[in-house]
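Visitor: Take this structure first; my questions come after.
The values are calculated or read from the model by the stated rules, or taken from the named source; none is laboratory data. Quick caveat, the model's predicted, so the values are computed rather than measured. Cβ placement follows ideal geometry from the backbone for every residue including glycine, while neighbour counts extend to all protein chains displayed. Only protein heavy atoms, including side chains, enter the accessible area calculation; ligands, DNA and RNA are left aside. Shrake-Rupley method; radii C 1.70, N 1.55, O 1.52, S 1.80 Å.
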Amino acid sequence: VAQAAVGASPRGSTPRSVTSSFGSNLKYRHVAGRENSKERTFFNLRPDTTSMDSPLMACSSIFWAVPWIGAGGPVYVSPVAESAYGKVEPTAPLVNGHRASVLALNFSPFDPRVLATASDDCTVALWYLPEDGVGGAGLGADDAALVLRGHTNGVRTVDWHPTADNVLATSSTDLSLRIWDAHAEREALCMRAFPDVLGNVSFGRTGALLATACKDRVVRVLDPRAGEVALESPAVGRNLR
């Protein structure tokens, strides 16, 4: 959302390069990535990339997760550890508690074992992952710590509040944005200030404001406490995500 807002240029004008926008004294402009050796690589992955607007992967300090191809809404979760590198077997245990594809996922900033999965089945599930990872037959619907219900269409984004534990925001193709209090197991706020689907939702650093990127090409900054739009950008020249 921030990149879209900063990089936006008036319709018909030439987009500015990073160098022209911020100057030539960039510390990282000559940094290049280096691919890991085969021994330090995950392979044979089967990620489901068919309908996601949000980032494909989610990571915490001890796990990473990605939506998986398969019936329901499976998610593959792996420990962030040297011992986890290598081939992912077709029979690997999965987190699979939804009735449709997972469209977004995010780990809690307060507990690296808590994963939120948002699905096309209109629900958001919260999972408390075992410390040693998902094993055995995996985790099913009955293993979810909490299921949040209220959206009437597929849930496409999920973001945790950065300073308030157990608070998260979601958006859906029902054109609503909802804030949830997971500790109280309830919906705290529902906003319907959007003419089209949101492709991205992100809390600010303090959590006081919430930025959204909408398919109407407008970035809106929301004040959840007031329940209103605090700032709205001009429309940019392409869809925002």
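Visitor: Residue separation times 0.36 nm, minus the C-alpha to C-alpha distance between Trp64 and Glu228: what's the value?
Guide: Taking 0.36 nm per residue and subtracting the Cα distance, the gain is 55.6 nm.
Visitor: So which aspartates and glutamates pass the test for Lys215, namely a Cα distance under 15 Å, with those fewer than 8 places away in the same chain ruled out?
Guide: Result set, ordered by chain and number: Asp53, Asp174, Asp196, Glu232.
Visitor: If I take all pairs of Cα atoms in the chain, what percentage of them are more than 27 Å from each other?
Guide: Counting pairs separated by more than 27 Å, the tail of P(r) holds 41 percent.
Visitor: Report, ordered by chain and residue number, the lysines lying within cross-link reach of Lys38, taken as a straight Cα distance under 28 Å and ignoring same-chain residues fewer than 8 apart.
Guide: Lys87
Visitor: Hey, another quick one. Can you list residues whose amide H is under 5 Å from Leu189's amide H, if they're 5+ apart or on another chain and H is modeled 1.01 Å from N?
Guide: Ile179
Visitor: Mind ordering 32-38, 205-211 by average Cβ neighbours within 10 Å, highest first?
Guide: 205-211, 32-38
Visitor: So, in nm, how far is label Ala81 from label Leu189 when the simple model puts each one 7 Å beyond its Cα toward the Cβ?
Guide: Taking the two extended label points, one gets 3.9 nm.
Visitor: Can you tell me the length gained on complete extension of the stretch Arg99 to Leu45, counting 0.36 nm per residue apart and subtracting the Cα distance?
Guide: 17.3 nm
Visitor: Among Val167, Leu115, Gly150, pick out the residue whose Cα is farthest towards the positive end of the charge dipole of the stretch 108-193, where Lys and Arg carry +1 and Asp and Glu carry -1 on C-beta, about the Cα centre.
Guide: Towards the positive end, the residue furthest out is Gly150.
Visitor: Just how large is the dipole of the stretch 88-175 about the Cα centre, in debye to the nearest 20, putting +1 at every Lys and Arg Cβ and -1 at every Asp and Glu Cβ?
Guide: 240
Visitor: How large a share of the accessible area of the stretch 100-241, in percent, is made up of carbon and sulfur atoms when the probe is 1.4 Å and the other protein chains stay in place?
Guide: Taking all protein chains in place, the stretch 100-241 shows 45 percent carbon and sulfur surface.
Visitor: Which value, in Å², gives the accessible area per residue of the stretch 107-236 when a 1.4 Å probe is used on the protein heavy atoms?
Guide: 44
Visitor: Let me ask another. Given the peptides 107-117, 55-65, arrange them by the average over their residues of other C-beta atoms within 10 Å, most packed first.
Guide: My ranking of the peptides, most packed first, is 107-117, 55-65.
Visitor: Mind running the shape call on the stretch 26-114? Use the C-alpha gyration tensor, a ≥ b ≥ c as the square roots of the eigenvalues: rounded below 1.5 for a/c, prolate if a/b tops b/c, oblate otherwise.
Guide: prolate
Visitor: Still on this structure, please answer the following. By how many nm would the segment from Asp111 to Arg149 grow when fully extended, if each residue of separation counts as 0.36 nm and the alpha-carbon distance is taken off?
Guide: 11.4 nm
Visitor: Still on this model: What does DSSP give for the chain in terms of the percent of beta bridges that are antiparallel, rounded to the nearest 5?
Guide: Close to 95 percent.
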